[in-house]
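Peer 1: Here it is, the structure in full.
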Amino acid sequence: MPKNLEIELSSAVLRPWKKGDEKSLVTHANNRKVSINLRDGFPYPYSAKDAQEWIKSASKIRPLTMFAIVVNDQAAGGIGIHLRNDVEQRSSEIGYWLGEAYWGQGIATEALKAVSEYAFKNFDLCRLYAPVFAWNPASARVLEKAGYKLEGRLKKSITKDGKTIDSFLYALVR
Ligand SMILES: CC(C)(COP(=O)(O)OP(=O)(O)OC[C@H]1O[C@@H](n2cnc3c(N)ncnc32)[C@H](O)[C@@H]1OP(=O)(O)O)[C@@H](O)C(=O)NCCC(=O)NCCS
């Protein structure tokens, strides 16, 4: 696998995170409409220090599993898979987000399709999955457009910002 792989999409590029992405990362990540749909590890407010820490760790991850979504030369989102071991060694969670300025242009769907292909091609995986918070129909739609299938509704599986809600489990199995 090339070390500094870039994946070209029609209106974005996926590439490894790198030093210099901090400013655009804060611009696009510091948004409650983004963080509300993600794990608590993605903070709000999203500070310059958060961006530095993320880029420091994400830029070193090899094999390459974490990509910046670059739009108009700005790191405006992220997408990646979490490789597991033990009994889940062939199953990976996939996660993604995009800055609100670029929503509704099909970018997340294209990125999800491309990284799903990348993951199946480069790792011994047979399953990619994503839990979607029940209040996030846009992400459920992105997964459906990328071929993921709804496996079930996990009742009261998520507690976010003091609210306990259901999630939908989507998966792509090969
Ligand atoms: C979810 C997210 C990644 C979508 O990114 P995007 O680039 O706008 O997605 P796309 O343009 O590829 O597709 C969005 C789809 O959702 C649909 N959509 C948007 N808002 C919707 C809503 N409230 N209800 C139903 N569908 C909705 C759009 O119409 C579009 O579907 P279409 O092509 O059939 O019209 C982006 O909004 C985001 O980063 N949100 C915050 C973080 C997040 O939710 N991450 C995923 C966690 S599982």
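The values are calculated or read from the model by the stated rules, or taken from the named source; none is laboratory data. All figures in this text were calculated on a predicted structure; none of them were measured in a lab. Note that we place each Cβ from the backbone using ideal geometry, even for glycine, and neighbour counts take in every protein chain shown.
Peer 1: Kindly establish whether Ala68 is touching a Leu at 6+ places or on another chain (Cβ under 9 Å), within 16 Å of Gly20 (Cβ to Cβ) and buried (at least 19 other Cβ atoms within 10 Å of the Cβ).
Peer 2: Against the criterion (touching a Leu at 6+ places or on another chain (Cβ under 9 Å), within 16 Å of Gly20 (Cβ to Cβ) and buried (at least 19 other Cβ atoms within 10 Å of the Cβ)), Ala68 qualifies.
Peer 1: Restricting attention to region 109-156, report how many residues are in contact (Cβ under 8 Å) with a residue 24 or more places away in the chain, within 13 Å of the ligand (Cβ to nearest atom) and in a helix (DSSP H, G or I).
Peer 2: Residues meeting the conditions: 14.
Peer 1: Let me ask something else about it. Ala101 passes all but one of (1) within 12 Å of the chain's Cα centre (by Cα); (2) within 19 Å of Ser35 (Cβ to Cβ); (3) more than 7 Å from the ligand (Cβ to nearest atom); (4) not β-branched (Val, Ile, Thr); which number fails?
Peer 2: (1)
Peer 1: May I pose another question? I need every pair where a residue in region 73-102 that is farther than 19 Å from Ala171 by Cβ has its Cβ under 8 Å from the Cβ of a residue that is away from the ligand (no atom under 16 Å from the Cβ), sequence separation at least 6 or different chains.
Peer 2: These pairs meet every condition: Ala75/Trp17; Ala75/Asp21; Gly78/Trp17; Gly78/Ala58.
Peer 1: Would you check which residues across region 1-32 are charged (D, E, K, R), exposed (fewer than 11 other Cβ atoms within 10 Å of the Cβ) and modelled with pLDDT of 95 or more and list them?
Peer 2: Glu8, Lys19
Peer 1: Could I ask something else about it? If you go through region 135-149 one residue at a time, do you hit one that is closer than 21 Å to Asp21 by Cα and among the hydrophobic types (A, V, I, L, M, F, W, C)?
Peer 2: Taking every residue of region 135-149 in turn, none turns out to be closer than 21 Å to Asp21 by Cα and among the hydrophobic types (A, V, I, L, M, F, W, C).
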